[in-house]
Amino acid sequence: MKPRVLIFTDWYLPGFRAGGPVTSIRNLVNGLKADYDFYILTTNKDYKSSLPYTGVEYDKWIKKEDHLHVCYISGKSWRHIRRMATEIDDAAWYMTGLYSWYFSIMPVIYSRRLRDSVVIVAPRGMLSSHAIDIKPAKKLMFLFLSKIFGIYQNVRFQATSETEKDDIQNIFRANRVDLVPNLPYQSSLNKPESIEKSPGVMNLICLGRIAPEKNTLGALEILKQYTESDLFTQGVTIKYQLFGQVYNDNYFRECKRVSDELPAEIVVEFNEAVSPDELMLELRSSHFLFLPTNGENFGHAIAESLAEGRPVIISDNTPWKDLERKGIGWNIDLVNTQKFVQILHLCLQMNQDQYDKYSVSSFNFMKQFQDASDSKELYRKLFSK
């Protein structure tokens, strides 16, 4: 019998609106299915949805594949979640995120009763300064109390980047922190189909929540700054499609206000989150991922874009560095908005041959990244007693 891993998470497939957390778990399960049997405890609703999934049985373990069982919990009851969890004997407990009462905090507290068990918490970037700055009072109080009461005393933390490792150690100095990068997105490994690229025409895409941490408003303000610069000329065509759940209505209204101020040459489309398959189709019909994010723990959208041969225009607040030298995109300091403007103009004026070089380089880079990844072995050590 293979070793077991019990994953606690607020959202999982068929949900997709939560974005990165769902993608991380999907890649983990697919990447290690030959080595582990996975059991996932999750809710029966998608992120920010009040409607349960259709065609899904609730409150029982469902065998999805030989290596995967999922239990969709229909109500918020720790007693019920605990009962389903304790049905899975001799499993490593793996919590994603920090602040979920039922799928992180309570499992960590209860896990202290489990002798000789491996208990792992993956904060998923929730201890970064920009993440804590969103509703900081509650988060700082929770972190303070968790240290006072020793909630995480015997827990291993997973960091997916050096930056996140520093963030975790700054708060939980006494804990073991394992640096285990996310398993990368597995593309079809077929070279991407060429997409037509003419000077003066550009399709941009953003995959991620409409939220401050994604800097959606900042992206739109950069586009506005471009239209106000000497580089901008009438007659060009720029389309910017955003796919993701709205974080809050006030922030979305600010984003909509700026987008409405853009000239006719720039068309901005706000779209709700769509399924992974639909998202890939939209990505393949775009030229560049435009995501000047305030911070990414990993950046699944970036990995997926590169794997599909779509270069990226991002901030330098991600693990993806030195992109310009590699010929696969640009990672730019958010303070340097003029640099963003210059790169947008450069991308807009690219012809077919120029664009195709970036596209092929992006695909080849991600293929090599996938082949060279040692994340599987690091996960085996993380789950090991």
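Please treat every number below as a calculation from the coordinates, not as lab data. All values derive from a computational prediction rather than experimental measurement. Counting neighbours? That spans all protein chains shown, and the Cβs are built from the backbone with ideal geometry, glycine included.
Remarks
- Length gained on full extension, Ser229 to Gln153, computed as 0.36 nm times the residue gap minus the Cα-Cα distance: 21.9 nm.
- The simple Förster model, with R0 at 35 Å and r as the Cβ-Cβ distance, assigns Asp260 and Ser50 a FRET efficiency of 0.75.
- Of all beta bridges that DSSP places with both ends in the chain, some 10 percent have antiparallel geometry.
- The stretch between Lys321 and Trp101 holds 75.7 nm of extra length on full extension. This uses 0.36 nm per residue minus the Cα-Cα distance.
- The chain: relative contact order in percent, alpha carbon pairs under 8 Å with at least 6 residues between: 15 percent
- Helix-only [θ]222 nm of the chain, DSSP H runs n ≥ 4, -39500 (n - 2.57) each, per residue, nearest 500: -10500 deg cm²/dmol
- As a length-normalised measure over Cα pairs under 8 Å and 6 or more apart, the relative contact order of region 201-370 settles at 25 percent.
- Here the spin labels are modelled as points 7 Å beyond Cα on the Cα-Cβ line, and at Glu269 and Ile109 they lie 4.7 nm apart.
- Gained length - Asp133 relative to Glu193, 0.36 nm times residue gap less alpha-carbon distance: 17.5 nm
- For region 42-187, alpha-carbon Rg over 2.2 N^0.38 Å: 1.12
- Measuring between alpha carbons in the structure, the pairs from Lys76/Lys385; Lys165/Lys326; Lys197/Lys357 lying more than 19 angstrom apart are Lys76/Lys385; Lys165/Lys326.
- Pair Phe144, Arg253: separation of 7 Å Cα→Cβ label points (nm): 3.2 nm
- Hydrodynamic estimate: the Kirkwood radius of the chain over Cα pairs, inserted into Stokes-Einstein at 20 °C and 1.002 mPa s, corresponds to D of 97 µm²/s.
- Dividing the mean sequence gap of close Cα pairs (under 8 Å, 6+ apart) by how many residues region 199-285 holds gives a relative contact order of 38 percent.
- Least to most buried among Phe369, Phe243 (fewest other Cβ within 10 Å first): Phe369, Phe243
- Total charge dipole magnitude, the chain, about the Cα centre, Cβ charges on Lys, Arg, Asp, Glu only, Debye to nearest 20: 1700 debye
- In nm, spacing of pseudo-spin labels at Phe369 and Lys339 (7 Å Cα→C-beta vector): 1.9 nm
- Ordered from longest to shortest, the equivalent ellipsoid semi-axes for region 201-370 are 22, 19, 15 Å, each the square root of 5 times a Cα gyration tensor eigenvalue.
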